[in-house]
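In what follows, a structure is listed as structure tokens, so that the remarks can point back to it.
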Amino acid sequence: MNALFSKCMAVLALAVIPAFAAADDSTPDALVKTVTNDVLQIVRTDKDIQSGSTKRAIELIEQKVLPHFNFMRMTQLAVGRDWCGATPDQQKALAAEFRTLLVRTYSNALTSYKDQSVDFKPLKMQSSDTDVLVRSEIKQPGGKPVQLDYNLARLEGAKPCASAGGAVPAANAAPVAGWKVYDVIVAGVSLVTNYREQFSQEVRAGGIDGLIKSLQKRNAELAAGKPAAK
Amino acid sequence: MIRSKKSSSNGLKRSTLAIAAAVALSGCAGSNPKDPLEGFNRAVFSFNEGLDKVAIKPAAQAYEAAVPLPGRTGIANFFGNIGDLWIGVNNLLQGKPVEAAGDLGRVLINSTVGIAGLFDVATEMGLEKHEEDFGQTLGRWGVGGGPYFVWPIIGPRTARDSLGFGVDAVADPVGYLGNVPARNSLYGTRLVDTRASLLPAEKAINEASLDKYAYIRDAYLQRRRSLIYDGNAPRLDDDAALDGGLPTVVQMNPVAAVSQLVLTRVNQAPVREASDR
């Protein structure tokens, strides 16, 4: 089945769950844990979400989860080497569309949340670390546990592009005090880098604007409630 | 995912030939180094999607509607138990005797206390279920994935994992059932059970992907890499990976695997350490 590995995707919803407004963000694992627990608490008690309201699920994600995600960096990682060939306006448009796509897709999954619980694994980190992996496991009654990991960095926005050649300098342009999630890995599959080939396919066919248009088209279809194209 | 060794129908063979011919005529140069047969693979992918739509998915939906969750869990446990022995053999081949012993313990407990595997008592007792196959063992030994294929019905496999799948099929106890109708019923039930477990994920994939073929291919390749590392794969260098390099494979040759097997004591941590490099 070509859907062979899609079981990982079933849990994508939970991947986006790590939401957290005023969360304890002193350490990255505390941050992810607090937000996850907050969101699970809401999902378990919210009647709209339980009855399948995507709209309410999107609101929840926007409020609680997204403030802790670095979407510019995520988009940069998804677009890959074409990122530095895009103008700042194109980069902003890409990040906005990518964000909409992920939020909409996974808020749908959130509404089908049933009785899963989340276990966190202890995080080994040095106080000087700026890039860490927080690991957790989703347990579902009658199913195999699914590994769910988060990459977090003390970084705001994308890494800067060099003025010539498009190489990415090693230094972060905008290190921040707080931790931001830049990738979510479900059962070993990175939600962000899994888009790289698809995006570069679109860029080869229609340039950066072609990719932006494809994303806009898909988002419009999903907003209109059309069944997803093949 | 069907695992039949001998049950390919003539109709299917003919369709496969037709696909191959169509692809040969249209030419199938792929620009992706991981997927040199992309044209062919896309044709088989569409064939699989079509077959799924008319036959396998409806069967899985009917199964889900007819059998309540505890029943489905029991059936999934039953097939899981059948697979645990071979998983243990693979753990041994990968130099992980502690895990292998756990797998053997699972089989012993679940086959008896768990009533022929219908109940996964071992997990509740703290014996974790592993996911291993011969393709992963080859990967551990340092065999690279090679070109990506999409097989009719079976679905995505790299060249290495296609070979591994063949060995897995030979080792599959179901294939040794003398009673052919019973054997085929087990194959069929396992296929439907697997497909049913994928139903919830399908919508998310359909919505999230711009190109479903590429999305599934890349997810498959990432997933296999993660499995070979037993879930501890190091993150690929993002800045270097922007040039589209192949996923790196764990390097561990058979000699190293065997010597680890000999040297390793009860502590499993050093095994992980060494194999990650």
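The values are calculated or read from the model by the stated rules, or taken from the named source; none is laboratory data. Values in this document were obtained by computation on a predicted structure and should not be read as measured data. Every residue, glycine as well, gets a Cβ built from its backbone with ideal geometry; the counts of neighbours run over all protein chains shown.
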Filter the stretch A:203-225 down to residues that are at pLDDT below 95 and at the interface with another protein chain (Cβ under 7 Å from one of its Cβ atoms), then give me how many there are.
2
At pLDDT below 95 and either surrounded by fewer than 21 Cβ atoms within 10 Å (Cβ to Cβ) or in contact with an Asp or Glu (Cβ under 9 Å, 6 or more places away or on another chain) (or both): is that true of residue B:138 in this structure?
no
Output the residues belonging to the stretch B:78-135 that are modelled with pLDDT of 95 or more and of a type in the set (Ser, Thr, Tyr).
B:111, B:112
Any idea which of (1) at the interface with chain A (Cβ under 7 Å from one of its Cβ atoms); (2) closer than 20 Å to residue B:51 by Cα; (3) modelled with pLDDT of 90 or more is the one residue B:231 doesn't satisfy?
(2)
The stretch B:69-106, subset surrounded by fewer than 22 Cβ atoms within 10 Å (Cβ to Cβ) and β-branched (Val, Ile, Thr), residue nearest to the other protein chains (Cβ to nearest Cβ)
B:73
Considering the stretch B:158-196, residues that are part of a helix (DSSP H, G or I) and among the acidic types (Asp, Glu), and then whichever is farthest from the other protein chains (Cβ to nearest Cβ), we arrive at B:168
Looking only at the stretch A:24-35, decide whether some residue is at pLDDT 65 or above and within 14 Å of another protein chain (Cβ to nearest Cβ).
no
